[in-house]
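Laboratory data are not the source of any read-out in this text; all were calculated from the coordinates shown. All of these numbers come straight from a predicted model, not from anything done at the bench. Cβ coordinates were reconstructed from backbone atoms using ideal geometry, including for glycine residues, and neighbour counts include every protein chain displayed.
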Amino acid sequence: MNIEEAGSRKPEARRPADVVELAEILRACGAEKRRVEVGGNFSKRAMGGAVDGAEVVVSTSRLTRVVEY
């Protein structure tokens, strides 16, 4: 898939419930060489804009606690 094709499709939206699910999503996207945009509630997206050609948008809004610091 080229950039033009990816940019014309609506990205797949994912909202993992925990860090294990987040890791699985990112691992699968990496293995498939898919472009990913990661954010919380995306309230600051207007500052930098959306990632051009993102095929998967991952929201971390369901991850509500610090597991490890």
Kindly identify the chain as rounded, prolate or oblate by the Cα gyration tensor criterion: order the square roots of the eigenvalues as a ≥ b ≥ c, call it rounded if a/c is under 1.5, otherwise compare a/b with b/c, prolate if a/b is larger, else oblate. oblate
Helix 19-31 sits at what angle to the longest principal axis of the chain, using alpha carbons and giving 0 to 90 degrees rounded to 10? 20
Rough spin-label spacing in nm, given labels placed 7 Å along Cα→Cβ, for GLU12 and ALA46: 3.1
Would you please name the GluC sites (Glu not before Pro) within the range 30-59 that are DSSP coil residues with at most 12 other C-beta atoms within 10 Å of their C-beta? GLU32
